[in-house]
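Q: This is the structure I have questions about; it appears just below.
The values are calculated or read from the model by the stated rules, or taken from the named source; none is laboratory data. In this text, all values refer to a predicted model and were calculated from it rather than measured experimentally. Neighbour counts run over all protein chains shown; Cβ positions are idealised from the backbone, glycine included.
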Amino acid sequence: MAPASAGSARSDALALGLSLGAAATSAYVLWKTTQEPKQAPKDKQLEKKLKQQARSRKIESLIMERGQAGTKDYRVHVLAKGEEDMTVAELSLWHDVPLVAEGGLFNFICEIPKCTRKKFEVATTEGATPIKQDEKKGVLREFKKGDIFFNYGCFPRTWEDPRHVSPDTGYPGDNDPLDVCEIGLRQVQTGEIRPVKVLGVLAMIDDDETDWKVVAIDAEDRWAPELNDINDVERLIPGTVSLIREWFRTYKIPDGKPPNKFALDEKCMGAKYAHKVIHETHTFWCDLVQKQLGDDFGFQLPKLETLRGVANDSKMVRKISNPDLTKLG
């Protein structure tokens, strides 16, 4: 066991990284253009191969911005990356990207980078489900509270079903993909897909809806080997979970709304419980797509048989969670 002073130094270093948003060099590739993406020759076999590669558990992709940043038309798209950076397939962030990454990790889609405040989100009602800046009453939204201190996004192929009332929270789902708070040291960019370790989950209640907040860390973060459950976060980075909880409790107050509430005695549940939440919301997504319920919720859904790796996602999530969904936790 490391001496107390060394542990304290590590804790202080990580806390400082979280608060200041220390960023490492990223392998993230950003292609910003007003032109359409360069297309490979119309080779059906090549197109099929690239789509298969892009939809495998290892994500090889490019990010492309369309429209002018700061406008309602601005979108962030993810494209399949092929040989010599030729691209042919545009991926749906919600439906094409696998939920489970290699090694039993999960694919995190970053919507809002840490140390920023523009409220970006996956556009679930648009066919390609790109990322857009949310708007309310015609005005693009930002957090009036200020910059968020963690990377915020969602897990693909999950859905919080508004028809299902959670027995643990007493409220229905919020009709969105499952939210994720990634607490690693570096700033992840909008549209970037990163493998993460799941550490725990908060049960936020927002406008009488269940809005789970998974806590996770980038699997390649230098602190990831020491963080395996929410208790490790509390021990090595004390105060982090409380800060996340208070952020979500108070972030709507500047808009004139009351504080949000939390179920489960406001406790951040551990990784085992979080895995069951992931399994449940993935099952809801499978049901949504399989039964083609898009018209009921304003979604444009693909056919389940056109999506690769769904059976593997379902198998792996079941294996990781080993769930008894009659009662979460």
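Q: Looking at segment 199-212, which of its residues are buried (at least 23 other Cβ atoms within 10 Å of the Cβ) and of a type outside the set (A, V, I, L, M)?
A: Of everything in segment 199-212, those that are buried (at least 23 other Cβ atoms within 10 Å of the Cβ) and of a type outside the set (A, V, I, L, M) turn out to be Gly200, Thr210, Trp212.
Q: Being assigned to a strand (DSSP E or B) and either at pLDDT 95 or above or closer than 24 Å to Gly184 by Cα (or both): is that true of Lys197 here?
A: Yes; evaluated as a whole, the condition is true for this residue.
Q: So which of Lys114, Lys144, Lys197 ends up being among the basic types (Lys, Arg), under 26 Å from Ser242 (Cα atoms), out of contact with any strand residue (DSSP E or B) (no Cβ under 8 Å at 6 or more places or on another chain) and touching a residue at least 40 places away in the same chain (Cβ under 8 Å)?
A: Being among the basic types (Lys, Arg), under 26 Å from Ser242 (Cα atoms), out of contact with any strand residue (DSSP E or B) (no Cβ under 8 Å at 6 or more places or on another chain) and touching a residue at least 40 places away in the same chain (Cβ under 8 Å) holds for just one of Lys114, Lys144, Lys197, which is Lys144.
Q: Moving to a separate point now. Testing Ser242 on (1) surrounded by fewer than 17 Cβ atoms within 10 Å (Cβ to Cβ); (2) of a type in the set (Gly, Ala, Ser); (3) modelled with pLDDT under 95, one condition comes back false. Which one is that?
A: Going through (1) surrounded by fewer than 17 Cβ atoms within 10 Å (Cβ to Cβ); (2) of a type in the set (Gly, Ala, Ser); (3) modelled with pLDDT under 95 one by one, Ser242 breaks only (3).
Q: Which numbered condition in (1) more than 14 Å from Gly200 (Cα to Cα); (2) surrounded by fewer than 19 Cβ atoms within 10 Å (Cβ to Cβ) is the only one that Val317 fails?
A: (2)
Q: Restricting to segment 287-313, name every residue that is touching a residue at least 60 places away in the same chain (Cβ under 8 Å) and either surrounded by fewer than 15 Cβ atoms within 10 Å (Cβ to Cβ) or not aliphatic (A, V, I, L, M) (or both). Steps first, answer last, please.
A: So in segment 287-313, the residues touching a residue at least 60 places away in the same chain (Cβ under 8 Å) come out as 287-289, 297-302, 307-310, 312-313.
Scanning segment 287-313 gives Asp287, Phe297, Gly298, Phe299, Gln300, Pro302, Arg308, Gly309, Asn312, Asp313.
Q: With respect to Glu126, is the statement that it is at pLDDT 95 or above, surrounded by fewer than 21 Cβ atoms within 10 Å (Cβ to Cβ) and not in a strand (DSSP E or B) true?
A: Answer is yes for this residue.
Q: Evaluate the following for His282: is it under 26 Å from Asp207 (Cβ atoms), buried (at least 19 other Cβ atoms within 10 Å of the Cβ) and either of a type in the set (A, V, I, L, M) or in contact with a Ser or Thr (Cβ under 7 Å, 6 or more places away or on another chain) (or both)?
A: Yes.
Q: Which is touching an Asp or Glu at 6+ places or on another chain (Cβ under 8 Å) and touching a residue at least 60 places away in the same chain (Cβ under 8 Å), of Phe155, Phe108?
A: Phe108
Q: While we're on this one: Please go through segment 135-188 and give me each residue that is more than 16 Å from the chain's Cα centre (by Cα) and of a type in the set (Asp, Glu), ordered by number.
A: Listed by number, the residues that qualify are Glu135, Glu142, Asp147, Asp161, Asp168.
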